[in-house]
1. Distance between Cα centroids, region 166-215 to region 67-143: provide it in whole Å.
2. Could you tell me the convex hull volume per residue, in Å³, taken over the Cα atoms of region 70-151?
3. Need one number: convex hull volume per residue for the chain, Cα atoms only, in Å³.
4. At 222 nm, what value in deg cm²/dmol follows for the chain if DSSP H runs of at least 4 each add -39500 (n - 2.57) and the sum is divided by all its residues, to the nearest 500?
5. Counting DSSP beta bridges in the chain, what percent are antiparallel, to the nearest 5?
6. Computed FRET efficiency, Cβ-Cβ of ALA434 and ASP2, R0 30 Å: what is it to the nearest 0.05?
7. Could you sort the peptides 169-180, 404-415, 63-74 by per-residue average Cβ neighbour count (10 Å cutoff), highest mean leading?
8. What is the Cα centroid distance between region 284-305 and region 349-375, reported in whole angstrom?
Amino acid sequence: MDQPYAYRRRELVEPDWRRIPAWRDVTAAEWADAQWQRAHCVKSLRQLRELYGDLLGESFYADLERDQAERATMSILVPPQMLNTMVPDAVPTTEAMLADPIRRYMLPVFSDRDPLWPSHPWASRDSLHEAEMWAVEGLTHRYPTKVLAEVLPTCPQYCGHCTRMDLVGNSTPQVDKHKFTLKPVDRLDAMIDYLRRTPGVRDVVVSGGDVANLPWPRLEAFVARLLDIETVRDIRLATKALMGLPQHWLQPDVRAGMERLATAARARGVSLAIHTHVNSVQSVTPLVAQAARAMLEAGVRDVRNQGVLLRRVNATQADLLDLCFALQDEASILPYYFYMCDLIPGSEHWRLAVHEAQALQHAIMGYLPGFATPRIVCDVPYVGKRWVHQLEGYDRVRGISWWTKNYRTSVERDDRDALTRRYEYADPISTLPAEGQAWWIEQTGRPSYDAGAAAASREAAAALAGR
Ligand code: SF4
C-alpha cells in the first residue's frame, strides 16, 4: 500500500573517516580513543582549514568567518566523530557541506541565517529565564517537582542553536557569556543542600553543558550524593556526547563507574537514565549504538533522545521518522521529545512556526510504537514545555500563540494571575503573511517596509530551501 512514509530497516554504517585526506592514516584504535577525539576537535576556522584544505572553497571559509564575527552565539567546537557524519558518503565539497544537515547546525554560516530577520524581536539570551529561577546558582527550579542542575558550563561539542547560549561555551564577538560566580565545588554543595531541604523535588536533570565534560569521579560523586537523598526518585544525565563523542561513554572507567551508580540506583528504587540529543539520522552510527548499549548494559534504565526541531535539518516527516526508527530499532535509544528551537538570537532560520510543528506531530503519528512516538514540544517562556497542540489561542497573521500554565514557579510565588495569564510565544516572522510581516516592521519601529530587502530575503530563503 502506498504510504506517505515508507518504512524500511536500514543498517547503521560508520562513515569512513579516511575519505578526508588529513585522516587518511588515522587507525581504528585512534578513532575509538576518546582522548584522540578530544585532542583533534576542530575549535577554530584555522583548524577547519587544516582539516579540509581546498576541499572547501574560500567562499565557505569566508561565510563561516563572517558568521562567527557577526551572528554566532556559540564558538566552534566539533569532535571528529561529528565532522565525520557530515557528507558521510563522499569526499566533502563546498556544495555538499552547505547542504548537510549536521553542518547546518554545528557550523552555521552567515548565508544560512535569515537575511531580514536573523533574530526575532522577542529573542533574548536565556530565553527560558532559567537563571531567574535558580534556587541556588545553576539549579533551575522551573517545575513543581523537578529541577535542572547545570553542573558545568562546557560541552565536548557546541551546537549553533544552543538554548543555553547565555552561559555555555566560550564568548563570541556577539555574546559575552555569563560566568558562574561560585567555585564548582561550592555550587554543587549548594545544590545538594537545596535538594535535601526541598523534599517536593523528586526529579533531577543533571546537565550543563554536557556531563561528559565533568571528570568522571566528580560526576559519580555528585550522582551518588543525589542517590543518598531519599526524596529524589528520578535522575537523568544529559549528554549530547553520547552521539557527538560516543568514545567517551565507551571508556572502561566510565562504564564501570556507571555500573556502580546504576546498581546503587536500582537498590534504592531510583530511575537513573541518560538523555541525549540527536537531531539527524546521519548521526546514528554503530559507535553511537554501541555507547547507548554499553550504558544499558551498565544498568541505566533508559537512554532517551531529546532532539531539537530545526528547519533544513530535520523538519520533514521523513527526516523525523528516519531518525526515530534509527534510534529505536538500531541504537536502543527511545525517541522522546523534539523541542521547538527556542527564541534565542540568531535562530530565526532554524525555527519553525507552531502550526508547522503541529503538522509534523500529526505527520509522525501512527508509524512508531506509541511509547516511542516523540512529543513535539514548545518550551514557552515562563511556562515550560507544552505539547504543540496545547495552545490556548493563535493569531496566524502575526504569528503569536498564547499558552497557559498549571503551576507556579519561584518567580510567581506572589503572582495572583500566574495561573490565569496567557503567555506568549512567537513564530518566525519570515513564515508570516505579508500583513503580519508588515505589522512586525511597524512594531519594531523600522523606518519603512523595504520591499527590495524583503524580496531578497524571500529569494535567499527559497534558495536555501532548495539546497
Ligand atoms: S550539547 Fe547541549 S548544552 Fe552543549 S552546546 Fe549543544 S545544545 Fe548546548
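Each value in this text was obtained by applying a stated rule to the coordinates, not by laboratory testing. The structure presented is a predicted model; accordingly, all values stated were derived computationally and were not measured. Don't worry about glycine lacking a Cβ; one is built from the backbone with ideal geometry, like all the others, and counts go over all protein chains shown.
1. 21 Å
2. With only Cα atoms used, region 70-151 gives 156 Å³ per residue.
3. Details: hull volume 71.7 nm³, N = 467.
Dividing the Cα hull volume of the chain by its residue count gives 154 Å³.
4. That calculation yields -9500 deg cm²/dmol at 222 nm.
5. Antiparallel bridges make up about 35 percent of those DSSP assigns within the chain.
6. After rounding to 0.05, the efficiency reads 0.25.
7. Working: 169-180: 15.1, 404-415: 13.3, 63-74: 19.9.
Descending mean neighbour count gives 63-74, 169-180, 404-415.
8. Result: 24 Å between the Cα centres.
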